[in-house]
1. With the requirement that a residue be surrounded by fewer than 17 Cβ atoms within 10 Å (Cβ to Cβ) and touching a helix residue (DSSP H, G or I) at 6+ places or on another chain (Cβ under 6 Å), what does region 281-304 give you?
2. Select from region 66-125 the residues that are over 22 Å from the mean Cα position of the chain (by Cα), polar (S, T, N, Q) and under 23 Å from Arg188 (Cα atoms) and list them in ascending order.
3. Is it true that some residue in region 57-66 is at pLDDT 90 or above, farther than 22 Å from Ser237 by Cα and crowded, with 19+ Cβ neighbours inside 10 Å?
4. Do any strands (runs of 3 or more DSSP E) lying entirely in region 158-262 carry at least 3 residues that are assigned by TED's automatic domain parsing to the domain that holds Ala16 and under 23 Å from Tyr2 (Cβ atoms), and which ones are they?
5. Take the residues of region 278-315 that are aromatic (Phe, Trp, Tyr) and part of a loop (DSSP other than H, G, I, E, B): which is farthest from Gly234 (Cα to Cα)?
6. Could you pull out the residue among Asp139, Asp156 that is in contact (Cβ under 8 Å) with a residue 60 or more places away in the chain, of a type in the set (D, E, K, R) and closer than 15 Å to Ala184 by Cα?
Amino acid sequence: MYYTPILRWKQGERIALRELSDDVANEILPALIIGNRKGEAYVDSIARFITQLEDFWPDRPIYLALPDNFSQLSKQSKVYLTKTLLNIAGDRQERIPMFDCRSLPKSKGLRDNGFSKRDLIALRVIVNFTDTDIDDIGDRIESGIVRLGDFTKHFDVLIDFLQTPTLNKLQIAGLRTCVAKITAAKIRRVSIGSGALPLKINQGRTEVSRDDLALYKFIIKDDKLSHIRFSDYGAFSPSWQEMDGANANVPVTYRYTVDDRWIIYKGVRQDCRALSQLLVNETDFSGGGYSYGDELIYSRATSGNLYINKGSPGSVIKECMSHHLTMVIKQH
């Protein structure tokens, strides 16, 4: 299948990936957005990413993507992040560089950094309908193939809308036509992704429609597009940043994925166990044996020991992401 969750490589996401069962992990090709910690030295940044990849996703394919705002960064920052990406990828073919089509690297710069021919390179087309015409999508992909064609045998393409847009019928038709034309001989896989969860969520119980999945299904209704793969931002908003779980003021938010929506429970840190009990009693709860995350949620809700697996904002992140990744694979 190769479903592509777009990850910020936060701790909860890393643990969720590591604990996936093999039958689920074998169907996932994550996109890891490369960034650097504030004040962290260049060599330390590279070493940290390489160590974490070995610990949390060893010997499995993964896209290494540049940040969403890459095209808006200074020249110095672009050079820094591109070098970081290339050094993390190294000569490991399963670590697939993913370049932003809005700001493609120059061939000379790649060669100067020791970038040699690979089996596969990925292109990420970030689409914002306020400043992107549908026809631009194909043009950007073609430009990427021309610019980077000497470095690879094949390309994968990720069309990323960031926050899920509301498209009219004319835009959908135009998008279908555009995607159907992405048939260059070198292109191996095409994925369409976005994230429907809002950044801000109200206290208590709410539900949010999985509009990212609905948009994807609507686009691939055309039989010619049945080969297009699904991508999303997991159980979080595209704008989400993991908050410090050690801070007592950080709320607990369960974002629990079901077929066509998320069931969300949000409360203060001390409510973690009580919220897990409410979630477990939902008709749509998948059961403790469904995934690593479901097992932790279920044991927290049913344990008589208040000091074992009492939960935190950080633990809920890995649990919800674990469930989401498993749900998407079993759903498809």
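The values are calculated or read from the model by the stated rules, or taken from the named source; none is laboratory data. Not measured: the values here are computed from a predicted model. We place every Cβ from the backbone using ideal geometry, glycine too, and count neighbours over all the protein chains shown.
1. Initial filter on region 281-304 (surrounded by fewer than 17 Cβ atoms within 10 Å (Cβ to Cβ)): 281-284, 287-289, 299, 302-304.
Within region 281-304, just Gly288 meets the criteria.
2. Ser107, Ser116
3. Within region 57-66, the first condition is being at pLDDT 90 or above, and the residues that meet it are 57-65.
Filter once more, keeping what is farther than 22 Å from Ser237 by Cα: 57-61.
The next check asks that each one be crowded, with 19+ Cβ neighbours inside 10 Å; those that pass are 57.
Yes, region 57-66 has at least one match.
4. 187-195, 229-232
5. We begin by selecting, within region 278-315, every residue aromatic (Phe, Trp, Tyr); these are 285, 290, 292, 298, 307.
From what is left, the residues that are part of a loop (DSSP other than H, G, I, E, B) are 285, 290, 307.
On the way: Phe285: 18, Tyr290: 17, Tyr307: 29 Å.
By that ranking, first place goes to Tyr307.
6. Working: Asp139 fails: in contact (Cβ under 8 Å) with a residue 60 or more places away in the chain.
One residue alone meets the criteria, Asp156.
To keep it simple, each residue is scored yes or no on (1) more than 24 Å from Gln241 (Cβ to Cβ); (2) at pLDDT below 95.
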position: Ile141; (1), (2): yes, yes
position: Gln171; (1), (2): yes, yes
position: Lys200; (1), (2): no, yes
position: Arg210; (1), (2): no, no
